[in-house]
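The values are calculated or read from the model by the stated rules, or taken from the named source; none is laboratory data. Fair warning: this is a prediction, and the values are worked out from it, not measured in the lab. Reconstructed Cβ throughout: ideal geometry from the backbone, glycine too, with neighbour counts over all protein chains shown. Please note that ligands, DNA and RNA were not included when accessible areas were found on the heavy atoms of the full protein model with its side chains. Shrake-Rupley method; radii C 1.70, N 1.55, O 1.52, S 1.80 Å.
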Amino acid sequence: MKDFDFPSVTIITVNFNGKRFLGDLFESIGNLNYPVNKIQAIMVDNGSEDGSMAFVRERFPWVSIINPGRNLGYAGGNNEGFKAAKGKYIALINNDCAVDKNWLFELVKMAKSRKQDEKVGAISSKVVFYHSYLPVVFMLESGKAEISGIRVSAGRAAEESGVGKDLNNGPGNNASYDVLKGIKYLSGFNCTYKGSSPDNSRWEVSNYALIGFPIPDPGCDTVISMDVRHCSSQSDFSIYLKKINETTMEANPEGIYRREDLHFLSDTAIGISKKEIRLVIGRDMYRHRNDIINSCGLEVNGSFYARDRGANSFDLGQFNSPAEVFAPSGSSLLINRNMLDETGYFDSSFFTYYEDVDLFWRAHLKGWKSYYAPLSVARHHHCGSSVEWSYSFTYHVLRNRLLAIFRCGWPRLCAVSYFNFFFSSSAHIILYLLSALRGRRQQRPDIRARLRIFFEFFYTIPGQACSRSRIRRNRQVPDKVIKNMLSEF
């Protein structure tokens, strides 16, 4: 690191009512193994009402604050940061992240290590979920069970007193709410009721179900309680702690649940009436914890659905090698300013979601490449500033995928994608209406989102026609290069 030529870097985070995360984020940035005089830090505040700007001004005066006066979303907010950025490279980091000491160094190192004649546009970090996780296995003698009312508490005296630090006070208690929201139902679960908060949802559980419980405080024991009942009759219900190894995310139960890899926690008989089960997991059991991957860059399939590489798998070293990716994870990445000069910024009409796919699709068409740097690690409170599969989330994901395809895609892809959307949306809406007529209410935020996209189609597409013409006319690589980058999933 002594002989490394450190280029200047601008770090940008876009914030909207994320005050509770900003202390962790900027403290971690302040502790980076990177020369302070080579870093420019910018926070773009999208009209927060939680005192975010005053908090940052007081605690982190070295952070420049841009206040556009309204919510411009992820795309528009970062664009404001781009305009003020002075660095040779620009790093984007979500406000609900914290970064390792070598996060920035490894991003820059990867960018500088590529061949000089190669157009390296961006580098993606390894993004893991904020907490480390305990892998727990549910086993049933017969049938299926239902769990509900999951509660998590932590306290040094929890084991003796049965009372710990309560972590279940809902969205008003943000740190606690994030812990419950962070539970990972990895396999063998089916959500039968989506409640207003994570602790009042219901899940159908099959034999060999695997769940990841976040550890809220590594210095304290963790107490987990839940209501359990059998769906039809009765059965023994056993709970084990999984000892992490290379078989943890394999598909066959014989590989995952070998008895020698399981540590017994609880065994009880359950019937159709609810029974509370309470687990105390001592700190000595934390040696079996591990990180769960949020993203190792983005991959895209033939229908241009995007997903995070490695998402919801335990980090067992399977993504420890550098790789070319279609796009970096929007939560943590480094961008070459020269790429932005050639491709332009995010398209602000996306607001949030798929703006990264659009930008890096355009970059690929100009010959730029993106890579993944496994030694650059960020920890992420996933959807810390938004609610996954809420109306806003669903609307922007559905609409923006189609928007990116129209702007960048070849004619057949556009035609097939729009036909499939309208056909599938019509089917969803009809089934929803039939269900409502039969008196069965469903929580389906996607229905209203699909209807809105239907009507917006008539003015959104004509408004993007000029952008499509410019992008397609000025591309420097053929579409077959893009097709060769697509994954199967």
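Looking only at the stretch 1-46, residues that are open to solvent by less than 10 Å² (accessible area, probe 1.4 Å) and either charged (D, E, K, R) or part of a strand (DSSP E or B) (or both) come to 11 in all. Contact map, the stretch 446-461: first residue among the hydrophobic types (A, V, I, L, M, F, W, C), second residue open to solvent by 30 Å² or more (accessible area, probe 1.4 Å), Cβ cut-off under 7 Å, separation 6 or more or different chains; pairs are I447/H428; I447/Y432; A449/Y391; A449/L398; I453/L398; I453/R399; I461/F406. Of the set (1) within 24 Å of K101 (Cβ to Cβ); (2) within 20 Å of the chain's Cα centre (by Cα), all apply to S321 but (2). Of the residues making up the stretch 347-361, those that are out of contact with any Pro (no Cβ under 9 Å at 6 or more places or on another chain) and crowded, with 23+ Cβ neighbours inside 10 Å are F350, T352, Y353, Y354, E355, V357, D358, L359, W361.
Every test in (1) touching a residue at least 40 places away in the same chain (Cβ under 8 Å); (2) over 20 Å from the mean Cα position of the chain (by Cα); (3) under 14 Å from F105 (Cβ atoms) is passed by P35 save one, and that test is (1).
Here the strands (runs of 3 or more DSSP E) wholly within the stretch 47-150 that include at least 1 residues being of a type in the set (A, V, I, L, M, F, W, C) and surrounded by fewer than 18 Cβ atoms within 10 Å (Cβ to Cβ) are 63-66.
Summed over the stretch 432-489, residues that are within 28 Å of Y391 (Cα to Cα), open to solvent by 80 Å² or more (accessible area, probe 1.4 Å) and in contact with a Lys or Arg (Cβ under 9 Å, 6 or more places away or on another chain) total 3.
Here's the yes/no breakdown for (1) over 30 Å from G317 (Cβ atoms); (2) at pLDDT 90 or above; (3) of a type outside the set (S, T, Y):
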| residue | (1), (2), (3) |
| --- | --- |
| S385 | yes, no, no |
| F393 | yes, no, yes |
| N400 | yes, yes, yes |
| R438 | yes, no, yes |
| E456 | yes, no, yes |
| P478 | yes, yes, yes |
| M485 | no, yes, yes |
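Taking the criterion of being in contact (Cβ under 8 Å) with a residue 12 or more places away in the chain and closer than 15 Å to L403 by Cα, the residues of the stretch 417-445 that qualify are S417, Y418, N420, F421, F422. Residue selection: D221 fails the criterion of being farther than 21 Å from G282 by Cα and crowded, with 19+ Cβ neighbours inside 10 Å.
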